[in-house]
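Written below as structure tokens is the structure these notes are about.
Please treat every number below as a calculation from the coordinates, not as lab data. All of these numbers come straight from a predicted model, not from anything done at the bench. Because the Cβ atoms are built from the backbone with ideal geometry, glycine has one as well, and the counts that use them run over all protein chains shown.
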Amino acid sequence: MTKVKRHKNKQIEEHQVKRLNYIGQFIKELRLNQGLTQIEFSDTNDLARNTTQKAEYGGNITLMTLFKIIDANEISLEDFFQEME
């Protein structure tokens, strides 16, 4: 498998990078569909702004961060992961 160099010299598999990018894009689209800035979205979801930025740019966020976002926006885990490969 191809490995892609990412943050802090950690090696992440290419398919995992695609998943992180999918999550980031989902979060960004969710925010934009709500007409919110990153600061407003962060406040609404009880997140630091840099956490929202990190998530949107495909950063490696924690599960708790992901749970905060999907819970605050009343999204089921099934719906969230439905199209992820």
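Per-structure values
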| item | result |
| --- | --- |
| Scan of region 41-66 for residues that are surrounded by fewer than 20 Cβ atoms within 10 Å (Cβ to Cβ), more than 18 Å from Arg19 (Cβ to Cβ) and not polar (S, T, N, Q), ordered by number | Asp43, Asp46, Ala48, Arg49 |
| Matching residues, region 8-51, being of a type in the set (D, E, K, R) and assigned to a helix (DSSP H, G or I) | Lys8, Glu14, Lys18, Arg19, Lys28, Glu29, Arg31, Glu40, Asp43, Arg49 |
| Subset of region 67-84 that is under 22 Å from Gln16 (Cβ atoms), touching a helix residue (DSSP H, G or I) at 6+ places or on another chain (Cβ under 7 Å) and touching a residue at least 12 places away in the same chain (Cβ under 8 Å) - its residue that is surrounded by the most Cβ atoms within 10 Å (Cβ to Cβ) | Ile69 |
| Residue satisfying all of: in region 25-37; surrounded by 19 or more Cβ atoms within 10 Å (Cβ to Cβ) and of a type outside the set (A, V, I, L, M); farthest from Gln82 (Cα to Cα) among these | Arg31 |
